[in-house]
Amino acid sequence: MSITAAMIIKRGECVELERCLRSLKDLATEIVAVVDPAPVEGDRTDEILSGYGAKEILLPWPGDYSAARNESLKHATCDWVLVIDTDEYVMNADFEESSLEADAYRIVRENEYSFEDNALLNRERITRFFRNGMFHYEGRVHEQVVRDDGQPNRAQDISITLGHTGYVDPGKMMEKSVLYRGLLSKMAKEHGDDPYIHFQIGRTYYVEKDYAKAAEAFEKAIETGADTDDEYVETLVETYGYSLLELNRSRDALALTGFEEYSDRADYRFLCGLIYMNNAAFDKAVSEFEAATTCSKVAVAGTDSYAAWYNCGVIYEVLKDHPRARAYYEKAGDYAPAREGMKRIAGL
């Protein structure tokens, strides 16, 4: 089996680029890198790519991520394509060629990021591994893998994990958000009321903590036909819910607690717990947090464990049931807020 690693590269990210290429050493047969020829002072991108034997394709930035992705696919010569970015790296690849029955596969991406000075980890499944010559990308930004024959892309899961550090720096994350929203606005003008575009616009506002505009965009996504069968809609529901809580619209958020199709996902059950908690429905909140700890599907680390137990502890501390509060805080282990809760109770 041969694999092309297909990349689009922004100059000036040499440390991340070397890490990425090193991680591909035992997996990729060839590396195809589309690079903007515009020079950046002190940049070593060309030298680094040459050192790893990469095929470098110079393409002035077209203002369209799909156009750049598709250019990389034109030069891929292997059986399979793994799409990977400079700020990503291969953590794990454990599969056999004989097991590849589908044409496209969803890898796991572990996103490291910071929010309000807290280091967080988010896991998501995205289609990044597929048979060469059967797919292309569409969309200026948050581009989607589409079959050339027009048939639905029924991707399956595969045991490939990429680490992603592109969201660690809040400043860079904000810059990307502004850039993405500009491209998304152009897409909205071109495609009209597409719920996926409204969803992505909402995410950019959420990153910038403009929760009112985020909620408005998420509401428009729902109004224009977001389908729960689409993979992104769970994230839409959850991010919309957090936006409403940030806006003190917890009563409105109650409408989001009825999605049975997400009941096996820790992140959704955790959100439901927060919604009930903010509506003083404490029994329901504890039930949801406990349910979250039994779910095998989890994106944000902690929603299935220490963060859920901690919130149960907070509820019982507020209710002055200190023995139960202490028991839940203990379940949260070394989670710092839970340790603080234990100290508060001990000081009473």
> Would you call Arg154 touching a residue at least 60 places away in the same chain (Cβ under 8 Å), outside any strand (DSSP E or B) and either assigned by TED's automatic domain parsing to the domain that holds Ile201 or not β-branched (Val, Ile, Thr) (or both)?
Replying inline: no
>> Out of everything in the stretch 188-214 that is in a helix (DSSP H, G or I) and charged (D, E, K, R), what residue ends up being surrounded by the fewest Cβ atoms within 10 Å (Cβ to Cβ)?
In response: Lys189
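Against the definition (free of Cβ contacts under 8 Å to residues at least 60 places away in the same chain and among the basic types (Lys, Arg)), how does Arg140 come out, yes or no?
Values: free of Cβ contacts under 8 Å to residues at least 60 places away in the same chain: no; among the basic types (Lys, Arg): yes.
When the stated conditions are applied, Arg140 does not pass them.
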> Given the structure, is Tyr335 under 24 Å from Asn122 (Cα atoms) and among the aromatic types (Phe, Trp, Tyr)?
Replying inline: yes
>> On the basis of being surrounded by fewer than 20 Cβ atoms within 10 Å (Cβ to Cβ) and either touching a residue at least 40 places away in the same chain (Cβ under 8 Å) or in contact with a Gly (Cβ under 7 Å, 6 or more places away or on another chain) (or both), does Ser114 make the cut?
In response: yes
> Between a first residue in the stretch 167-193 that is in contact (Cβ under 8 Å) with a residue 60 or more places away in the chain and a second residue that is of a type in the set (Val, Ile, Thr), which pairs have beta carbons less than 9 Å apart while being 6 or more apart in sequence or on different chains?
Replying inline: Met173/Val207; Leu183/Val141
> In this structure, does Ala280 turn out to be at positive phi and surrounded by fewer than 16 Cβ atoms within 10 Å (Cβ to Cβ)?
Replying inline: yes
> Just for strands (runs of 3 or more DSSP E) wholly inside the stretch 1-113: which have at least 1 residues that are within 28 Å of Arg123 (Cβ to Cβ) and either in the same structural domain as Phe135 (by TED's automatic domain parsing) or of a type outside the set (A, V, I, L, M) (or both)?
Replying inline: 3-9, 30-35, 80-83, 88-93
> Can you tell me which residues in the stretch 77-99 are aliphatic (A, V, I, L, M), farther than 16 Å from Ile9 by Cα and either crowded, with 19+ Cβ neighbours inside 10 Å or modelled with pLDDT under 95 (or both)?
Replying inline: Val81, Val90, Ala93
> Could we say that Leu274 is within 12 Å of Ile315 (Cβ to Cβ) and within 25 Å of the chain's Cα centre (by Cα) here?
Replying inline: yes
> Given Val237, Val233, which one is in the same structural domain as Leu184 (by TED's automatic domain parsing), modelled with pLDDT of 95 or more and either among the hydrophobic types (A, V, I, L, M, F, W, C) or more than 21 Å from Phe289 (Cα to Cα) (or both)?
Replying inline: Val237
>> Given (1) of a type outside the set (Lys, Arg); (2) in the same structural domain as Glu13 (by TED's automatic domain parsing); (3) surrounded by fewer than 20 Cβ atoms within 10 Å (Cβ to Cβ); (4) free of Cβ contacts under 8 Å to residues at least 60 places away in the same chain, identify the lone condition not met by Gly163.
In response: (4)
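Among the residues of the stretch 121-146, write down those that are part of a strand (DSSP E or B), in contact with a Ser or Thr (Cβ under 7 Å, 6 or more places away or on another chain) and not hydroxyl-bearing (Ser, Thr, Tyr).
Correct list: Glu138, Val145.
The values are calculated or read from the model by the stated rules, or taken from the named source; none is laboratory data. As the structure is a prediction and not an experimental result, all values here were calculated from the model. Cβ sites come from the backbone with ideal geometry, for glycine too, and all protein chains shown count toward neighbours.
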